[in-house]
Each structure stands twice: as C-alpha cells, then as structure tokens.
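Encoded as structure tokens, the structure appears first; notes follow it.
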C-alpha cells in the first residue's frame, strides 16, 4: 500500500507548492509537514475544526492520481474525490464493487469484520482474559455479520 496523509484538527491549511503537499499547523508550536504528491495514494481530511484547502491543491492531488476522502463528525468517510485517469481506473473498480453479488458482498464483509476483530485481539496484552473471547468472536463471524459481532468486539475492546 502507498502512503496515506491524514489532515486532522491540528492542521489549519493544506496547500501545494513545487510538487509538495504542505500541511500548516493550527498553532505556532506545531510543525509544518510536507510530502511529495507523487508518493501519495490517499489524503484523508478528518478535521472537525475546518481546513483551508483550495481547488489548486485538489487539482494537483487528483492530477497525480491521489484520492481524497472527507470524513463526517463521527470520523467515517462521507465523500470521496477520485482521479478519473491514471494507472488505476477507480471508476472500473467502483463498478466492479457495485456489480458484486449479495452473497459475495456478505462474504467480503465477513472477512473484513474477522480481520478487524483479529487486529483488536493482537493489540491486547498476551495474558489478557479477553484474548480467547476475541478469538471466538472472530471465528464465529458469519457472512454479512448478522449477529453484529463487530459491534460486540468494539464494546469489549
């Protein structure tokens, strides 16, 4: 996977200059961060305080094949800006995902939920009594997660 840049509440302004994405901090104590746009795959805008970002920066990102995702107040994706041209056809990927059968979608969701629960289990202390519970939850996830084991694991975590 390529490089992902998260622009959170500590960033006041993002701009582009000389092929670099420049993230300027909200406070004087913060550090200006830069990243070469050509190295980026995704920019995640997760700022609840607002972020200054002009169309020049957005254009420069998509021209280099970088996707831009904007989150809502619960930090979940609410919008996406995808390049229409480049080495990856994002439109074709989206069309293929939409065309998936319901059973295949449910199996994909099952795999995703299992992976999330396993990741939570791995973060726990090796001697935690919850280790076994997370293993059981991960192994019992059914396609589509009808028992909502993802939420049960999140509450335990």
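The values are calculated or read from the model by the stated rules, or taken from the named source; none is laboratory data. Keep in mind it's a predicted model, so treat the numbers as computed, not measured. Cβ sites come from the backbone with ideal geometry, for glycine too, and all protein chains shown count toward neighbours.
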| query | Just wondering, is there one or more residues in segment 53-67 that are loosely packed, with under 11 Cβ neighbours inside 10 Å and within 26 Å of residue 149 (Cβ to Cβ)? | reply | no
| Checking residue 79 against (1) outside the structural domain of residue 40 (by TED's automatic domain parsing); (2) surrounded by fewer than 12 Cβ atoms within 10 Å (Cβ to Cβ); (3) modelled with pLDDT of 90 or more, which test does it fail? | (1)
| request: Please enumerate the residues belonging to segment 4-17 that are surrounded by fewer than 13 Cβ atoms within 10 Å (Cβ to Cβ) and either touching a strand residue (DSSP E or B) at 6+ places or on another chain (Cβ under 9 Å) or within 16 Å of residue 66 (Cα to Cα) (or both). | output: 17
| Taking interchain pairs and intrachain pairs at least six residues apart, which have beta carbon atoms under 6 angstrom, with the first residue in segment 41-69 and on the phi > 0 side of the Ramachandran plot and the second buried (at least 17 other Cβ atoms within 10 Å of the Cβ)? | 65/83
